[in-house]
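First comes the structure, then the notes that go with it.
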Amino acid sequence: MDELNRRCHERSRSQCEFFGVNEAELRCLRLFENQRYMTSRDIAAALGVVKSRVTKVVGGLERKGLVQRMPDPGDSRRVLFSLTPLGRGKSETAREHVKAVNTAMLSRLSESQRADLLAALAMLKVSMEAVSPLGAAGPCDGE
């Protein structure tokens with residue numbers, strides 16, 4: 001598991017270098033795949049960070065011309081963020097790149113191996129969601 005986790009982080013860092021963003025910025029860009037506009041609160045909740053961290057991440061994306069801010073027409077106290085055309089292009093390119101890499105990795109397996117792997121990954125995902133990140137040493141669900 002540690003080796004797999006390490007390789008995933010290496011790939012993530014390589015992708016960030018390739019796309020000229022840091023890991024938090026790439027995760028933020030990917031949030032907009034199914035969203036046209038997002039608030040700081042939306043982004044903070046989706047990334048699991050505090051709003052001050054969102055300010056820093058979005059600021060970096062703004063300086064790179066990938067995100068823009070605008071007042072919310074329904075509530076002038078709120079600010080909406082959206083991808084710029086450059087940001088949409090970079091987000092789409094990143095999504096297609098990840099899809100191509102995943103397809104290339106899976107294509108190295110037979111059809112039955114792919115089915116087994118995808119089923120095992122689905123079970124692993126469920127298990128990861130059910131267990132505290134701190135494992136047995138951390139708080140248990142329901143306490």
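The values are calculated or read from the model by the stated rules, or taken from the named source; none is laboratory data. Quick caveat, the model's predicted, so the values are computed rather than measured. Backbone-built Cβ (ideal geometry, glycine too); neighbour counts: all protein chains shown. Keep in mind that these areas ignore ligands, DNA and RNA; they rest on the heavy atoms of the full protein, side chains included. Shrake-Rupley method; radii C 1.70, N 1.55, O 1.52, S 1.80 Å.
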With a probe of 1.4 Å, find how much accessible area the chain has per residue, and write the answer as a whole number in Å². 71 Å²
Running Debye on the range 2-143 with equal point scatterers at the Cα sites and no solvent, what base-10 log of I(q)/I(0) appears at q = 0.19 Å⁻¹? -1.19
Among all helices in the chain defined by DSSP H, which have a length of 15 Å or more along the axis from Cα atoms plus a Kyte-Doolittle mean of at least 0.0? 111-130
Taking the square root of 5λ for each eigenvalue of the C-alpha gyration tensor of the range 70-126, the equivalent ellipsoid has semi-axes, largest first and in whole angstrom, of 39, 17, 5
Cross-link reach from LYS56 to lysines, straight Cα distance under 22 Å and at least 8 residues apart if same chain, gives LYS64, LYS90
Tell me the mean residue ellipticity at 222 nm calculated for the chain from its helices only (DSSP H runs of n ≥ 4, each -39500 (n - 2.57), averaged over every residue, nearest 500). -21000 deg cm²/dmol
Total charge of the residues flanking GLY60 in space, meaning their Cβ is under 14 Å from its Cβ, with Lys and Arg +1 and Asp and Glu -1, is +4
Name the residue, out of THR39, THR103, THR84, whose mean-square fluctuation peaks in a Gaussian network model built on the chain with Cα pairs under 10 Å. THR103
What aspartates and glutamates does LYS51 reach when the alpha-carbon gap must be under 15 Å and sequence neighbours fewer than 8 apart in one chain are set aside? GLU25, ASP42
Given the options ASN22, ASN34, ASN102, which has the most mean-square fluctuation in a GNM of the chain, springs set between C-alpha atoms less than 10 angstrom apart? ASN34
Calculate what fraction, in whole %, of the accessible area of the range 22-86 sits on carbon and sulfur atoms when a 1.4 Å probe is rolled over the protein chains. 50 percent
